[in-house]
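The values are calculated or read from the model by the stated rules, or taken from the named source; none is laboratory data. Not measured: the values here are computed from a predicted model. Positions of Cβ are generated from backbone atoms using ideal geometry, with glycine treated the same way; all protein chains shown enter the neighbour counts.
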Amino acid sequence: MNYLRAVLSGIILWISVAVTFFILEHTPIIKDSLNIQTVIICLFIIFYSSIGASFYYKKSISISGFQVGVIMSLTAILLDALVFVPLVEIPKGNTYQDFFSNPLLWILAILNIVTVYFYSKTKLKIN
């Protein structure tokens, strides 16, 4: 397993999701509705996870998509804790507890893991 490549895939995922949230928070019709933002981000995470998985598997590394998905999700969550929460959420008046107790975070992490798993099964034929 190439851990560096899996972490880089997680960084790609995190940047993509962060930029999407930033754009959605500044889109006039959508900015006031967290539910609409959630639906949109849940759809986009499938696309972003596939991009991250394709980056990881570009060199034909044969490892379980589940493991790659977990590493990608953990990388994104770590970046959330180190960068996103202190620079974005805390200035808004939220706390680490608010951020990490939001079910959306965990839904996105699970969607990522499932997407990478199915990507590896369908695109790579890994046993």
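Table for the structure above
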{"quantity": "Some residue of segment 62-71 being closer than 22 Å to Leu8 by Cα, exposed (fewer than 13 other Cβ atoms within 10 Å of the Cβ), among the polar types (S, T, N, Q) and touching a residue at least 24 places away in the same chain (Cβ under 8 Å)", "calculated": "yes"}
{"quantity": "Whichever residue in segment 1-52 is free of Cβ contacts under 8 Å to residues at least 12 places away in the same chain and of a type in the set (D, E, K, R) and, among such residues, is farthest from Tyr119 (Cα to Cα)", "calculated": "Asp32"}
{"quantity": "From Ile63, Ile30, Ile110, Ile71, residue being at pLDDT below 95, under 22 Å from Asn2 (Cα atoms) and among the β-branched types (Val, Ile, Thr)", "calculated": "Ile63"}
{"quantity": "Count - residues of segment 74-93 that are among the acidic types (Asp, Glu) and modelled with pLDDT of 95 or more", "calculated": "1"}
